[in-house]
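The structure appears right after this line, and notes come after that.
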C-alpha cells in the first residue's frame with residue numbers, strides 16, 4: 001500500500017520536509033505548519049534578568065565555594081573549576097575484553113572564565129573592547145591548553161533554562177586527552193567533504209549563504225552569522241569566518257578579532273531584543289583538534305554554535321523529547337523564518353534604549 005503521493009506545489013512554510021546537516025551526516029524534520037497549533041503545554045517563568053549581586057561568589061574579591069578568594073579583577077578572570085569533570089592525573093580503567101563493556105582513560109582540565117567583574121553585564125552589554133578582551137583570552141587558552149590536549153572546548157551556558165547555576169557572565173573551557181563525540185563526528189564529515197570537493201565544507205557554505213542571503217542574520221567583512229539551513233533549535237545560529245580558511249581562535253588576526261567582537265555583540269543583542277529578555281542559550285566554539293601532533297587538518301574551519309531554547313515567546317521553549325529523542329530532530333518553523341525575525345531586530349540593546357543599566361556600587 002502506498003504511503004501517499006505528492007500533491008500540489010511544495011511550500012516550505014506549509015509542508016513538512018527533511019533537511020540534511022552536513023556537519024553531522026544526519027537529517028532534521030522541518031514542520032513549520034505546526035506553529036499554528038494552540039499551546040497548552042508548559043509555560044516557563046521568563047528568564048531572570050541579571051542583577052547586580054554583591055554577594056555573588058564570582059565577583060572580584062569574593063570567596064568561592066572551595067574557600068578561595070578571587071583577585072580584584074577588572075577584566076576577564078580565569079580559574080580552575082572548583083568541581084571539575086576532568087582531572088589531569090586520572091588512572092587508566094583498562095579497556096576490558098568484552099566489546100559491550102568497553103572503557104578507556106579520560107584526562108583533562110576544566111577552567112572557568114568570568115567575562116566581566118559585574119554580574120549584570122552580559123556579552124551584548126559589554127563594550128566592544130571588553131568583548132575583544134574575551135576573545136583574546138579564549139585564543140590564549142586554546143594556545144596554552146592545545147599544546148598538551150587533543151581537544152579544547154570553550155562553551156557558555158547562559159541562563160537557568162540552560163542549566164547555568166550562577167548568573168555571573170562566564171564560560172567554561174574543558175581540555176581533554178580525547179576527541180569528544182560531536183567534534184569527532186564533525187571531523188569525519190568535514191574530512192569527507194574536503195576529500196570529495198577539494199575545499200573546506202564551511203568555507204563553501206559561508207560563501208553560498210552570503211550569495212543566497214535568506215538565512216543571514218548578521219555579517220561583516222570577515223564574519224557571518226546565519227540560521228543554518230539544517231538548524232534544529234528554533235533560533236539556532238552558526239557563526240563562522242566568511243573570507244579565509246581559519247583553523248582555530250588563536251589563528252585570528254587582530255583585525256579579525258575586533259570584527260568578531262562586533263558581530264558577536266550584534267548577534268547577541270538581537271537575541272535579547274527578540275523577546276526583550278536576557279536570552280538563554282548554550283554556545284560553543286569548534287576549531288581544529290589540537291595536541292602535540294595532530295593529523296592533517298586542511299578540512300577544518302573554525303565556527304561557533306548557538307543553541308537557544310526559546311520558541312514562541314520568553315515563556316514557551318522548544319522541548320527535545322519524544323520523536324526527537326527516539327527518531328530524529330524536528331523543528332517548528334523554517335530557518336528562513338527564524339533568520340528574518342532576528343535580522344529585522346535592532347542592533348541597539350533594549351536595555352540601553354530604555355536606560356536600564358545602572359551603576360553598580362560596592363559599599
Quick one: in region 262-316, which of the residues that are touching a helix residue (DSSP H, G or I) at 6+ places or on another chain (Cβ under 7 Å), assigned to a loop (DSSP other than H, G, I, E, B) and closer than 20 Å to residue 49 by Cβ is modelled with the lowest pLDDT? 314
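Of these, 239, 224, which one is in contact with a strand residue (DSSP E or B) (Cβ under 9 Å, 6 or more places away or on another chain), surrounded by fewer than 22 Cβ atoms within 10 Å (Cβ to Cβ), closer than 26 Å to residue 339 by Cα and at pLDDT 95 or above?
Residue meeting the stated conditions: 239.
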For region 80-107, enumerate the residues that are within 30 Å of residue 170 (Cβ to Cβ) and over 26 Å from the mean Cα position of the chain (by Cα). 89, 90, 105
Scan region 1-58 for residues that are in contact with a strand residue (DSSP E or B) (Cβ under 8 Å, 6 or more places away or on another chain), at pLDDT 90 or above and in a loop (DSSP other than H, G, I, E, B) and jot them down. 16, 31, 57, 58
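Of the residues in region 223-243, how many are in contact (Cβ under 8 Å) with a residue 40 or more places away in the chain, in a loop (DSSP other than H, G, I, E, B) and over 14 Å from the mean Cα position of the chain (by Cα)?
Here is the first cut: in region 223-243, the ones in contact (Cβ under 8 Å) with a residue 40 or more places away in the chain are 223, 225-241.
Cutting the leftovers down to in a loop (DSSP other than H, G, I, E, B) gives us 227-236.
Going one step further and asking which of them are over 14 Å from the mean Cα position of the chain (by Cα), we end up with 229-230.
Residues in region 223-243 being in contact (Cβ under 8 Å) with a residue 40 or more places away in the chain, in a loop (DSSP other than H, G, I, E, B) and over 14 Å from the mean Cα position of the chain (by Cα): 2 in total.
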Are any residues in region 244-261 outside any loop (DSSP other than H, G, I, E, B) and either crowded, with 22+ Cβ neighbours inside 10 Å or touching a residue at least 12 places away in the same chain (Cβ under 8 Å) (or both), and if so, which ones? 249, 250, 251, 255, 256, 257, 258, 259, 260, 261
Out of curiosity, is residue 199 out of contact with any helix residue (DSSP H, G or I) (no Cβ under 6 Å at 6 or more places or on another chain), surrounded by fewer than 20 Cβ atoms within 10 Å (Cβ to Cβ), outside any helix (DSSP H, G or I) and modelled with pLDDT of 95 or more? yes
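Per-residue answers, yes or no, for (1) farther than 30 Å from residue 250 by Cα; (2) out of contact with any strand residue (DSSP E or B) (no Cβ under 6 Å at 6 or more places or on another chain); (3) without any contact (Cβ under 8 Å) to a residue 24 or more places away in the chain:
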{"position": "269", "(1), (2), (3)": "no, yes, no"}
{"position": "273", "(1), (2), (3)": "yes, yes, no"}
{"position": "279", "(1), (2), (3)": "no, yes, no"}
{"position": "291", "(1), (2), (3)": "no, yes, no"}
{"position": "326", "(1), (2), (3)": "yes, yes, yes"}
{"position": "336", "(1), (2), (3)": "yes, yes, no"}
{"position": "345", "(1), (2), (3)": "yes, yes, no"}
{"position": "351", "(1), (2), (3)": "yes, yes, no"}
Residue selected from region 98-155 under the condition in a helix (DSSP H, G or I) and in contact with a strand residue (DSSP E or B) (Cβ under 6 Å, 6 or more places away or on another chain), by the criterion nearest to residue 270 (Cα to Cα): 138
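Restricting to region 72-86, give me the number of residues that are surrounded by fewer than 13 Cβ atoms within 10 Å (Cβ to Cβ), within 26 Å of residue 108 (Cβ to Cβ) and modelled with pLDDT of 95 or more.
The qualifying residues number 2.
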Scan region 348-363 residue by residue and report those that are modelled with pLDDT under 95 and loosely packed, with under 13 Cβ neighbours inside 10 Å. 352, 353, 354, 355, 356, 358, 359, 361, 362, 363
From the list 142, 69, which one is modelled with pLDDT of 95 or more and touching a helix residue (DSSP H, G or I) at 6+ places or on another chain (Cβ under 9 Å)? 142
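The values are calculated or read from the model by the stated rules, or taken from the named source; none is laboratory data. Everything quoted here is computed from the prediction, not taken from an experiment. Neighbour counts are summed over all protein chains in view; Cβ atoms, including those assigned to glycine, are modelled from backbone coordinates with ideal geometry.
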